[in-house]
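The values are calculated or read from the model by the stated rules, or taken from the named source; none is laboratory data. Remember, predicted model here, so these are calculated numbers, not experimental data. Ideal geometry is used to build each Cβ from the backbone, glycine not excepted, and the neighbour counts take in all protein chains shown.
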Amino acid sequence: MNTKIEKIAKGILQGKEITYEKASYLFELRGLDTYDLLYWANRIRYSSFKNVVSLCSIISARQGSCSEDCRFCSQSSRYKTDISSFPLIEKEKIAEAVEKGKEYKSDCVGVVTSGYSLQASDNFNKICDEASALAKKDGPPVHTSIGMITNEMAEKLVSSGVEMINHNLETSEDYYSNICTTHTYNDRVETIKIAKRAGLKICSGGIFGVGESVADRLNLAFKLKELDVDAIPMNFLSPVKGTPLSAENSLEPMDILKIIAVYRFVFPDKEIKVAGGREENLRDVQSWMFYAGANSTMIGDYLTTRGKLPEDDLQMIRDLGMNYKMGEMQNH
C-alpha cells in the first residue's frame, strides 16, 4: 500500500482539503499505485454516499443547428455530421421523458436544448411552463441545460420549480480556446454565477479526452471547486465523424478511472456523475467507475448517442451490492 496516498486520503476523511500539488501527485501514479488510488477513492465515496447510486436521465428537447463551434460536438451547424436537427419538442414528449425517467429510477430528468441560449423566448417560456406543471406531479424533478442564461431567466426557472441547471465548463480556462471560439470561458462561468445567485443548484463538469493535459484536468477541478458546484458530470470523448476531433485517440480505461478517482479526492462530498462516453471508453470496466469514486451515472440514451439498456445498468448496480437512490428502500 502506498503510504503517501493513504496519508492524503485519511486527511480528506478527517475533513482536510487536498492541495493542488497533492492532487497533481495523484495523477502521476502508475502501476499498482493506481489501484491504491482507486481503493482510497472508493473509501472516500463511501464515507459520504455509502452504497447509494444517484441516477439521472436526459432528453434532447431541441437538437442540432447550433451556432457554436465546440470541436467535439455533433450538433454544431459548422460541421457535417449525421445528426438530425429538430426544433423544440412538444410538452407531451417532455412529460413522457419524465415518466420514463421514473421507470428508470432516475432522480432527475434533464431537459437539454442545443444552441448558445434560449434567451427569454417562447421556447424558454414553454420549458418553464412544463417544468412548473411537472413539479406538481409525482415524478423525478426536471432540471435544465439550456445554454447561457440571464438573471431574469434564472429567476423564472426558480419560480417554475426548477432546482438545478447543468452548464459544463468543459475544460480549463487555458485550454478552452482549443475546443471553442464562439463564446468565452468567462461566459460559462458567468452563467454559473447567475444561476447560483438565483438559488439554483449547479451541475457542472467537463469533457475529457479532447487533447487536454493533466494540468488542464486539475485546473478544471479546482475551478469547479472554487465555484462550489453541486454535481460534477464527467464526459469522455466519443469521436464523431465530421467534427474536428473525429480522429482524436480515446483515453485508456485506467486513465479514465484515475481521473474519476482524483476528482473524488478533490470533491469528497459532491456528486460525481460519469456520463457520456462511458460505454465506449470504459468498455468492460464500466462498473469500476464506482470503485474509482463515482456515486452517480446517467441512465438511458444520451443526446445523440445510445446508452446501455437501463435494465442492464440497474442490474450492474444490484450486482455490486449497491442501491439506486429512488429504489433505495426496495433494494437495500
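Of all residues in region 229-258, count the ones that are outside any loop (DSSP other than H, G, I, E, B) and touching a Leu at 6+ places or on another chain (Cβ under 8 Å).
In the first step, residues of region 229-258 are kept if they are outside any loop (DSSP other than H, G, I, E, B); the result is 231-236, 253-258.
With touching a Leu at 6+ places or on another chain (Cβ under 8 Å) added as a condition, the list becomes 232, 236, 253, 256-258.
Going through region 229-258 one residue at a time, the tally reaches 6.
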Selection count where residues are surrounded by 12 or more Cβ atoms within 10 Å (Cβ to Cβ) and either at pLDDT below 95 or part of a loop (DSSP other than H, G, I, E, B) (or both), scope region 21-36: 1
Taking region 296-312 as the search range and keeping residues that are in a loop (DSSP other than H, G, I, E, B) and of a type outside the set (Val, Ile, Thr), which one is surrounded by the fewest Cβ atoms within 10 Å (Cβ to Cβ)? Arg306
With the structure loaded, tell me whether Ser74 is out of contact with any strand residue (DSSP E or B) (no Cβ under 6 Å at 6 or more places or on another chain), more than 16 Å from Asn168 (Cα to Cα) and crowded, with 22+ Cβ neighbours inside 10 Å or whether it fails that test. yes
Of the residues that make up region 43-61, is at least one basic (Lys, Arg), buried (at least 20 other Cβ atoms within 10 Å of the Cβ) and farther than 30 Å from Asn2 by Cα? no
Looking across region 10-20 at residues that are under 14 Å from Arg43 (Cα atoms) and out of contact with any Asp or Glu (no Cβ under 9 Å at 6 or more places or on another chain), the single one that is surrounded by the most Cβ atoms within 10 Å (Cβ to Cβ) is Ile12
Out of the residues in region 190-231 that are surrounded by 19 or more Cβ atoms within 10 Å (Cβ to Cβ) and in contact with a Cys (Cβ under 8 Å, 6 or more places away or on another chain), which is farthest from Asp269 (Cα to Cα)? Val229
